[in-house]
Each structure stands twice: as structure tokens, then as C-alpha cells.
1. Between B:Thr43 and the same site in the other copies, what are the distances in nm, shortest first, taking label points 7 Å from Cα along the C-beta direction?
2. Among the listed pairs A:Lys297/A:Lys369; B:Lys297/B:Lys359; B:Lys274/B:Lys359; A:Lys369/A:Lys653; A:Lys347/A:Lys369; B:Lys278/B:Lys354, give every one whose C-alpha distance is greater than 21 Å.
3. Percent antiparallel among DSSP beta bridges with both residues in region A:163-487, to the nearest 5?
4. Rounded to the nearest Å, what's the spacing between the alpha carbon centres of region A:501-550 and region A:357-408? Just the number, please.
5. Distances in nm, one decimal, shortest first, from A:Ala571 to the same residue in every other copy, taking the label point 7 angstrom along Cα→Cβ.
6. Using only the Cα atoms, work out Rg/Rh for region B:426-550, with Rh taken as the Kirkwood radius, to two decimals.
7. Compute for region A:44-157: radius of gyration divided by Kirkwood radius, i.e. Rg/Rh, restricted to C-alpha atoms, rounded to two decimals.
8. Can you list the copy-to-copy distances for B:Ala552, using a point 7 angstrom from Cα toward Cβ, in nanometres, shortest first?
Protein chains: 2
Amino acid sequence: MMRGRSLVNRIAASIAALALLMAGHAATAEDGYALWLRYAPLTGSAKERLDQFNPVVVQTGEADPSVKVAEEELRRGLTGLLGHVPASSGGSPIVLACNDGSSGARGHFNVAAHQQANGRSLLAISAADSVGCLYGAFALLRELSLGRDPATVELAQAPAMPLRMLDHWDNPDGTVERGYAGRSIFDWWHLPEELSPRMIDYARANASIGINGVVVNNVNASPLFLTERYLPKLKRLADAWRPYGIRLYISVRFSAPIEVGGLKTADPLAPQVKAWWKAQAGKLYQAIPDFGGFLVKANSEGQPGPQDYHRTHAQGANMLAAALGNRGTVIWRAFVYASSGETDRVKQAYEEFKPLDGKFAPNVILQVKNGPLDFQPREPFHPLFGAMPHTRMMLEAQITREYLGQATGIVYLAPLWKEVLDAPTGHGATVAQVIEPTGMAGVANTGSDRDWTGDQFDQANWYAFGRLAWSPALSSDQIAREWVGQTFSRNPNFVRQLVPMMLSSRQAVVDYMTPLGLAHQMGTGHHYGPAPWVCTLDRPEWNPCYYNRADAEGIGFDRTRSGSDALAQYAPSVAAQWADPRTMDENDLLWFHHLPWSYRTQSGKSLWDELISRYDRGVAAVDSMAREWQTLQPYVDHERFVDVASSLAIQRKEARWWRDASIAYWQSLNHLPLPAGERPPEHSLSYYEALEFPDAPG
Amino acid sequence: MMRGRSLVNRIAASIAALALLMAGHAATAEDGYALWLRYAPLTGSAKERLDQFNPVVVQTGEADPSVKVAEEELRRGLTGLLGHVPASSGGSPIVLACNDGSSGARGHFNVAAHQQANGRSLLAISAADSVGCLYGAFALLRELSLGRDPATVELAQAPAMPLRMLDHWDNPDGTVERGYAGRSIFDWWHLPEELSPRMIDYARANASIGINGVVVNNVNASPLFLTERYLPKLKRLADAWRPYGIRLYISVRFSAPIEVGGLKTADPLAPQVKAWWKAQAGKLYQAIPDFGGFLVKANSEGQPGPQDYHRTHAQGANMLAAALGNRGTVIWRAFVYASSGETDRVKQAYEEFKPLDGKFAPNVILQVKNGPLDFQPREPFHPLFGAMPHTRMMLEAQITREYLGQATGIVYLAPLWKEVLDAPTGHGATVAQVIEPTGMAGVANTGSDRDWTGDQFDQANWYAFGRLAWSPALSSDQIAREWVGQTFSRNPNFVRQLVPMMLSSRQAVVDYMTPLGLAHQMGTGHHYGPAPWVCTLDRPEWNPCYYNRADAEGIGFDRTRSGSDALAQYAPSVAAQWADPRTMDENDLLWFHHLPWSYRTQSGKSLWDELISRYDRGVAAVDSMAREWQTLQPYVDHERFVDVASSLAIQRKEARWWRDASIAYWQSLNHLPLPAGERPPEHSLSYYEALEFPDAPG
């Protein structure tokens, strides 16, 4: 078909005029899979210092699996940071001493540089146990990744709390409740034969931030996890994670004795029920000697529980605790609310659990969400914190952004968690101090997406959760700097610009979604997008209108004495401060107070004008993030630059939608004009009301 | 906590005794993502030849996007094969001439080496259009990847059929019907803002094997794809794929005019229905000028269709064809069966469609599955092939292994498809000849798993489908060699050992699942595992017992004149051959004949003994694959070696399960003893019957 030589000549003649070949590159794409364990080559003086130090990872020859993985990680990390495999002799040794005779919290470590007789340095990582050594290795790599001088490094750390957990709301069929990053990372179907390499990278990431417990399945629990078929699957995972200091837990369904045990009842006081759970625990311990225990969601949102048999939560939890014995823990969730709308929903957990203080077995922990409602962009802290002095209590945070825009844009959650952790309960301790003897759990945001979290910046929330569970005293700023430096770039200009964006991003999402203490205004079911108008769902407390209580006159939920009096569940000093809208932090204003649209806020503006200015501030903040990100292009690889830019484009769209739909609805009630110069909503209220998302994820 | 200097001394003193550092490596994991476009560095004489040739990719400066991606792929591929970026001058130029004035099938190309006046070679890729050039570039890279000498390469190829399509059974919420490789690769939720880089790699993989059409959504179609919200999403994908020669199609729901159009009817003869579809097509063409058309599953398995309005399939298809006009195509599926069990299910498509021959508009294609039932491990070819001379007909194959063990182990499907393509229809043409004027579609096996197909070896099925659609004359052996060489290793010992394993793997799965013409014995719903005993489902033809018709006396489905007479739908020459169990290929024996357990097969054994020997042969074949794979470890990277070994471990388990459960059931009917020395089933029949898989994927 080609006309031979003439064509060749034609082509040959034109070759000289052709432009030079662009350099192809086969390098690995920066797809985010490496997380903060990217170990990008150092540059500049940091590189010079590490080159000069010339680290040698000393192989101890110890058989301990945690020591082995620590050594492996040091070699991997240094290879990345140096840009080549580290020397095997002749440099400064890094040595692990994992049985240094010290006492203290499990997992503590020291890292210190010493001068040897030969003039070379020596870096010693010492700990009382091998997992402490592993934590020390990761901590050292973090410092080196951030450009610290290996010759002067000096770290002495111990975890602030014993339990630092991730809760996965993952189902056996691979779906993830409130998951926005693809399918579950757990491939139950092919376990135990196949263990995805991702399960090891997951453990590395967790160990690097101190996570030491993982609940592998949804709190709306499938009884499958208690069947014979799942036992070897669970065992394979637990075995793979043990070297990384991670214990495996499962969520259990309270009625499992009926569903998979063949019993007629799940009454916690029935002897056959007790025996069945004891047998289950026995099988689990036989397969997994360090099995962590059970997480339980009982008598909440349709889940079965002890109240089905007129037993208390304590009776239910204690029965499971007895089955586990002193080797394992029952983590009992305090997230309950009744199906009748009689009581203000935010009051119900306190009413239910406060009277049970002191009634739980020693190996039961009550797991309390950060706020009394449900993982909103902002909530006041949960009144149970500090209110049950005779009960072990841990905090449940949500890393996955169910109500905060899910997996798009930039929403850095450390400020949200810090706000709660630092809150004085009025019972003589901050929330952090209340939970430090016990722990923190975060609802994971991981999925099968290549970047793990569906969005590059949501990796920062996984990281921040682990770091705060390790040390609630760390600042949001410090954690963001660490994450940015390890994950993207150590360039000081880049860090200086990006970190403030991250720090202000959570207030932005509050502002454009639910400013001034509004809550639960999200679309029904999927919780995506605005739906403040929804008022027809069966259960009153499922309706956004239940929470906004907006009408022609005003807006907000009166939780003072004249209303639901939820305020009374807080310590008197706290309640007193919040009882007066004029003295309280207006960020929580409408959470506690129903106020007229004309109410004069602290800014001097009317409530209506202030509300609109907050929406605008949120929209402007997202616009500003998107603009700033464009200027950061020189510092970021092409693939992640485009990925984040696209994600911010979606967030910009969503911020406008939230503002416009919300304003359109409030205006339909109060008929107030917009302040001068304000942009009216882009569409009519009926347009926003008609939007449907049957394909929403999660 | 560390006791200072004494510890340091202790450590320092022991350093000398420590073993040397193992080499760390930061190299990219071989996770299968690269598919057959891995471009691993050449070695030995192949490397010497390519180094000596010293290819220079000449940048034509043409603005054509397909030419650009061809140049980019050549640079990427050569960089991999050479182990460095190719030279930009001074070597042998590779030039693209993409408008060579030739005629012929769209997509044809020539690749030829020429000697230049200066003594250096020149490689010319010429074609009538830029997509032909892209195909030529991929073909050249394939040859080079397999070690061919660039100085003597000579290729002249043209696609055998115009439509080479993938059908995705992917839903807008990310689930995939019959998907075993994670979620959908299409992220509808974040489109159009976010275009995953995977969408480009997907297009590269498809273009490299000549795929030129993609139906992006499930034939059980969501009407969402016809809403305004999805139009920009579809456009973004079509734009991204256009340079790769891929046209986008969608599956449509016949009742969409009611569901998203607000009409009261979907009657194809109603003027408002016609107008609505015309408007939809208009919007699609406006966004996507080369929009491919609609795939339709109508009046089948509960889907709506023209028969709901007492119209024929032809009336329904022709209405949509008129809406599309001559720019697009309606692909109408022939997979229909009625909800009453009156007629043998395998006869129904023929009975329905044969009378409509000649009644379809010119831009309608009837899409016919390879066999008359439903993608079984083995079926005789579909009797419609060759029986509708006045109708355009294409073949539908299933790449995803719904009924063939899903995504575990090794089951190479090229032999299955070749068996069908090469079958003489008795109407004067083979199946391949019947469909060559039109095309082939394969139900995709892709998903979000890192290796794309859930199993390394299922990549070979995607590859083989594309290669056979390009040229049905290629042998299964040739295609396997190409795939193995590009994907794993060119080592001749490796190829020599692995390719025969692949070639025999499909017969193995037939043998251990449904030997001797048995069909549809799989578990209800998920089609995973054996369930020959199931006989209580609502529709008779959903029951495995409907197909095996086994009892105390015998087994098999009589489709001769004494039975359902499905044989009469075949050409007389074919029917005559198959009517006699003594002359026909026993691979299809029980598909057409009900025979006593004592029937003497061609081997001389009784049917019962022969059946058992086939199960055993299947189990032994899988054992043998697993053993052989172990010996191939030296040739394969660690990650993929372990991955495949784990997958084969599952397949071994499944093969035993199939054999044992099937034999246990047949024995419960015929009470025949096992032949001497035969291993009895591991468990009782009731054990197998009780197995449940609520967590099965797909």
C-alpha cells in the first residue's frame, strides 16, 4: 500500500527539519501510593549532611520480626533519601537495641547520636521492646526526611495513650460504609491464600504513626466474621501485621449467636449465649494469640443489642468481656439514639450511659464520638467526656469525611480534633486528659484507590489522626509540616504556603456548609450536598429541619433551659459559658440557641448578614486554595498537581452549591433581601431541591 | 530511659560481629499494572541488535493527536527496551507517514525497514490515517519487545473486522456486574473534573491490540447515562480516548423516555418517544461528534423492551437507529429468553430473531453470544450464526470469567474463542467469516485492582480478545507467546514451559467443572462453585437440574428430535453430525443427549467412569500447573510469582471442590460405586449443599 522509495525519500528529506526528541521517561508515576513514606532523595545541605554521615544499617541478626522490619524500613528509607543503597560498612552505624531494660509505656523509644572512639558517629535506637525499636526507626526516618542532621538527632518519645486504633467500616463483600476511596483494602474473598502486598504497606504506614490496633470490619457487622470460613482469613492478616505492632479486632453483631450460632436467643444472660461467645473467643485466641477483642454497636440504628432482651448495655458488654477474659477488650460504642423522637437526639447517649458509670467490667471501654451528634464539620465536645469517672472511655473520631465533602478538595482535620482534645470538660480535665489512660479510634478513610484515601490530601488526615493519638499535644501546624515535607516537598517556600492553606481548610468547610453552629444539613442518606429543606423523613431526627429549626422568624436549636436543656449535661462551668449567646464562641451559636434573623452578632451584623458572610468566607477560602495551588505547580510532580487541582475544582463547585442552595432555602422562609452587593443564588430553590444522586458513593 | 554510655559501648563492641547489610531496593514493584506494555529492557542478542540499530523517534511535528500519542508511545517503549532514553539524532530514524494515500480497511498499516543512502536503516510506519500509524507503532513495539531485529522488520496488517469492542457491565455507582477485579475503572462520580491517568493507560492498552469501541456501562442499563449530568462526563472520556482511535458507546434502557424523559410511554412507534430519542442522540453528537451509538438489552431478564408495547425487536431497534441516523449504530443483543419455561432456553433466541432476518435497519447490528446458553466453559456455537444472511451480526464473547472460576488461577480463553470462530456453521461459512463484515465484542474483565483484571493471567484474556478481533486467524499459541514475552519474560525456556500450561488451562476448567457437555451447574446467583443439586428456583431454566437432567438412570439434555429438537436450529450437515452420540465430539455429548450412566463412551469406559476420569483430569491439570509454576520462579519477579502461586492455590482448592461436590451429587442419584482406586469426595453432599457465599463478588 505504500508507494515504496519515493515515500522513503520524501521522509528522509524532511528529517533534518524535525525537532529534537523530547526526553521520554519511564520513571514511576507519583500516584500517592507511597503516602508519607515516600523517602524522596534529599537535596542541598540536608543531602550533604546525610552523605557525610554515611549511615550504615547494622543488621543485628535478631530473629524478632519487628526488628527485622525495622531494619528493612531503615534500609528502604535511607536508600530513598540518599538516592542509593546505603553503605554496608565504613560509615556511621545505626544500631537497634530493643531490650534496653527500661520501663515505661509500651512502644516508647530513644534515638540518640553518640560519638565513637574512632571519631565517627553512631545512631542508637533503643527501646524496651522490638515494637518500640520499630517506632524509633520510623521516627528517625521522619526526622531525616524532614532534613534534620543525623549527627545531632535526639528523640525520646512514648505514646500518650495505650490504644491507637483504626476502625474500618468495611464489609465482607468489599463495600465500605462511608468509604470514598474505592472498595475495601481487605480482599476477604481471596484470603487466606492471597495476601495483597498492600496489607504490608498498610501496616508500615500505620506503624510509622503509631497505630497499634485495627478493627477490620464495619460496626454494622456481618456475622460472617464469626464463621469458620473467616477464621483463617483473620489469622493471615493478624500474622502479617504482628511484626508491625498491630493487633486485630473485629466488630461483632450482638445477635450472631442466632445468625451463625444456631441458638434461639442472644440474651446476654442466657448460659448457652455466654458459652457460645466464650467458644468463639477461644477459637479466635487459638488462631490469633494476641487477638484484640470486639467492637460493638448495639441497640443503635437498628442493630441488635442487649436491650432487645431487657438487659442493659453494661450487661451486654460485660458478658462479652467475660467471654474474652483478660486477654481482650470489649469496645462498646456510646453512639445510640432511640427510634422515638421524644428526646433531643444529642442528649440520648448521655442519658443512656451516664447512669451506668462504674457498672462496666475492667476490660470494657466505652467509645464516645467527639461530639454528641454525628461527626459534623463542627460540634461541641461530647458531654460524656469527664462525666463517667469510673468508666474507661476512648474517643471515636471520623477520618473519612462523611459529612465534610467526602473525598474531594482539601479539608485538613487536625484542627477539628485538636479543638475537641484541648477542650476543658469542666470536670477537671481536658478531653485529651480524659481519654489518655485509654485511647482513640479513628474511622478509617482508606480504600482500594491507588492513593489510598481517594484524594491526596486526605492522606494527611490518616497521618494526623495517628500522630494525635500518639501525642495529643502536637500542634496541627507541626503535623501538617511533617506530612507536607515527607509527602510532597521540603522546599521551605512550598511548606510555608501550603501549610496555612491546610490549617484554614477545616474552617472553610464549616463556613460554606454549616456555619455558626448549624449541623446535619446534608443530603439524605448519602450525606452529600446541601438539603436543609428536608423535613419529611420518618424519624424526626433524620431531618435537616429538625436541626436547623428555621422559619420566618429565626433559626437554630434551643438547647438551653427554655429548650431541650441539653446544656445541662455539661459541667456547670461549661454550661454557664454556653448558655449566653453573647459570651459564647459564635462558632457553636445555633447549636445551642434559636435566634431571630435580626439577632445582632458579635461582628455587629445581623444573624442573617453574618450567616451569609460566613458562607461567602467559605467559598472565598476554597477559591483562594485553588488559586494558591496553581502557584505551587513548580514544587509538585505533574500527576499529583493535576489530581489536586481537579479535586479543588470540584470543591469550588460544591462550596458554591452549598452557599447558594442554603441561602435560597433560608430566603424562602425569611424573605429577607441579600445584603447589598451579594451574589444571589445561581439557581432557584426548586432546582436545588430536585437534584438527586442515586450514584453517590459511600 | 537508656543507660547512656555503657549501652553505647555494648552496642559498639558488637558491631564487628554483625552481618553485612542486605541490599535494599526502591525499584518499582512488578504489580502487573503495566500489562503487556511493560517494555522490559532487552537482553542478549536482541539488545545488541537494538543498540546497534540505535533508533531515533523522529518527531513529525504533526498536530494530529493520534500521531502524537504514537510518537510518545514509541519513545516510552524504546526507553524501556533500550534501558535508556533513545538517541535524538545520529541513529536509525523511525518515521511515521500517516497519510500515505493507500486505501483499505481503516486502521491498516505497514512497517518496513529501508536502507538509506548513508548506509543507516530507516524504519517507516505508514498508514492511510493516523490511527493506522498508532497501530503500526504498537505493532512495531510488540515485535521489538519480542526480540525481533529492527533492521529486518516487515509488517503489513489490516484489521479483519471493523468493530472490535469492549462491553463494560459497569454501573454508575462503581459496581461491576460479573466483575471480579474490584470496582469499575470509570470514576463517574469525579468526572468530568477528574480524569484518572488510568483512563489513558486503558486507552493505550486497548489501542495496542486494536480495540476501537468501548461501551462504558452495563447492558442492565441505568438511565442516568441519558441525563444532563452525565453528558460532560461522557464527553471527557470520549475526548480522552479519541486520539487512541476509540469511540464511546453507551448501553441504554429502553424505558428511559419514561424514567428520565418524563414521558408516559416508551412505545417505539409513539412520535414523542421517537422525538425524545432523536433529541438525546442530538445532544450526544453535539458533545461527542464521533459518538458510537447504543447497545441495547431489551425484553430479556426483566429489562424493558419493545415487546412491552407489542412491537418487535426490529421495530424497537429501528426506532433507535433512526434517532442515531447514519452516524451511529444500534447494537441489539440477541440474548433473550422468555419467563415461561415452555421452550428449551437455548432455542429461544433463534426462534425470536430468525423470523426478523432482513427487517433491521442498515445501522442495526445483532449481537449474538458465542453459544446459545450463556458463556459456559464450553458450548456449541450459537445457531443464529450464518442463519440470518440479511442481518448484520457480531459476536459477543465474555472476557470476564463469570462461569469459569472468576478471577483465580489460570484459564486462558483464546482456545474457547478459537473453537467458536473456527466452527463451520454449515451455511457456507465459519463463525469468523459470518462476523468479519461486522465485528466482535467482549465483556470486559477490567476493574480497579492494580493488576486490572484481578489475576495476572486474566490480562492474557483481554489481550487475546483484542488480538482475535484484529485477526481471528491468529493461533492461541501465537497469542500466548506474544503475551508471555511482553508481560513476563522472553526467556525461551520460560515461554516453552508456560505457553502449553496456558493452552491446556481452558480444557482443565471444563473438565473439573462441567465435563462432557454439562452446563450451568454453578451456584445460584453468583455462579461461583458447584450446585448441580439446585432445583427449586422459580424459573425452571435457572436451575442447574434443568440442564443436567440427572436421575438414577442417566444424565444429559436430550436436544435431538426425541427431546427439545434444538438440533434442528443448526444447518442440516451440522445437525446430522451431532445427532449421533457415537460420531459427535464427546466434549458436547451431554449438551445434546440424555444417556444412561452405563452408556459406553468412545474411550470404552462407561459414561459414569468417563465423567469421573474427566473431573480427575481437570484436578490433575490444575495440580500440574501449580507444580510447574513453582519451577518457573527463577524467571519471574517475586511479587507476581507469589501472586500467581497464591491464585493457583485457590484454583486447586476449587477444582477439588467441583469434582467432589459434583460426584457426591451424582452418586446420591445413581448410587454407583466409584471406579477402583478413586478418591471419594472429601465431604458429604450435605456439606457441599450447605455452603453459602453471601460475600461472593460480581
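1. List, nearest first: 3.6 nm.
2. A:Lys369/A:Lys653; B:Lys278/B:Lys354
3. Numbers: 2 of 34 bridges.
Here the share of antiparallel DSSP bridges comes out near 5 percent.
4. Each part's Cα centre sits 19 Å from the other's.
5. 9.1
6. Working: Rg = 18.2 Å, Rh = 17.5 Å.
With Rg and the Kirkwood Rh in hand, the quotient comes to 1.04.
7. Values: Rg = 13.1 Å, Rh = 13.9 Å.
Here the Rg-to-Rh quotient is 0.94.
8. So the label point of B:Ala552 gives 8.4 nm to the other copies.
Each value in this text was obtained by applying a stated rule to the coordinates, not by laboratory testing. Keep in mind it's a predicted model, so treat the numbers as computed, not measured. In this analysis, Cβ positions are derived from the backbone assuming ideal geometry, glycine residues included, and neighbour counts consider all displayed protein chains.
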